[in-house]
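First up is the structure itself, then whatever we jot down about it.
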Amino acid sequence: MYLRALKTVGNLKISYGHFLTHSSHMVLTGSNPLKKVWVDKTEEKGSDVNIASHLLRDGYNRAFEVAVLITNDSDLVEPVRIVRHELKLPIGILNPHQHHSVGLKNEASFMKRIRQADVAACQFPNVMVDAKGQFHKPSTW
């Protein structure tokens, strides 16, 4: 539903990552004596690489005057550093979390926390329309 809502935004391209799931044998927290259990681990793959790749391509092509990432992912420290210090372009971080990544904070031109009121003001409308017809935003958004 969220991807369908995003597709109603003009001039927006969605670049997909993917999820991998695998089973791991791990120690159960707090077990005494230690007990091992099988745990299904899900990992998201590719999104940070996609963001970094597009950011750097757009920076080298001078496709923006200022870049802004909505993230707290320290995996993006190096591309942020390259954009700011090597390409000499300003890059800011909007962080949806209480605590900021120290690495991102040190490399970005600016960093700001996204306030909950701003998040609420940026929600999709309750009713949206696309080529398939009308659809409703779930109450849990």
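Over the chain, with every protein chain in place, what whole percent of the accessible area is carbon and sulfur at 1.4 Å, could you tell me?
Carbon plus sulfur share of accessible area: 54 percent.
Please list, short to long, the whole-number percent of alpha-carbon pairs of the chain in consecutive 10 angstrom bins beginning at zero.
10, 26, 31, 23, 10, 2
Report, in cubic angstrom per residue, the convex hull volume of the C-alpha atoms of the range 32-75.
105
Give me the accessible area per residue for the range 34-141, probe 1.4 Å, as a whole number in Å².
Solvent-accessible surface per residue comes out at 68 Å².
Could you check what % of the DSSP bridge pairs in the range 58-141 are antiparallel, to the nearest 5?
35
Counting pairs of Cα atoms in the range 56-117, how many percent are more than 14 Å apart?
Beyond 14 Å sits 49 percent of the P(r) for the range 56-117.
If you build a Gaussian network model of the chain, linking Cα atoms that sit under 10 Å apart, which residue out of ASP130, ASP58, ASP75 swings the most?
So, out of ASP130, ASP58, ASP75, the one fluctuating most is ASP130.
For the chain, give the magnitude of the charge dipole about the Cα centre (Cβ charges: +1 Lys/Arg, -1 Asp/Glu; no others), in debye to the nearest 20.
For the chain, the charge dipole is close to 220 debye.
Longer than 24 Å from Cα to Cα, which of LYS7/LYS137; LYS41/LYS105; LYS41/LYS132; LYS7/LYS45; LYS13/LYS88; LYS13/LYS45 are they? Say none if no pair is.
Correct reply: LYS41/LYS105; LYS41/LYS132; LYS13/LYS88.
Return the percentage of antiparallel bridges among DSSP beta bridges fully within the chain, rounded to the nearest 5 %.
65
The values are calculated or read from the model by the stated rules, or taken from the named source; none is laboratory data. Note that this is a predicted model, so its numbers are computed, not measured. A quick note on method: Cβ atoms are made from the backbone with ideal geometry, for glycine too, and the neighbour counts reach across all protein chains shown. Areas reflect the complete protein model, heavy atoms only, side chains present, ligands, DNA and RNA absent. Shrake-Rupley method; radii C 1.70, N 1.55, O 1.52, S 1.80 Å.
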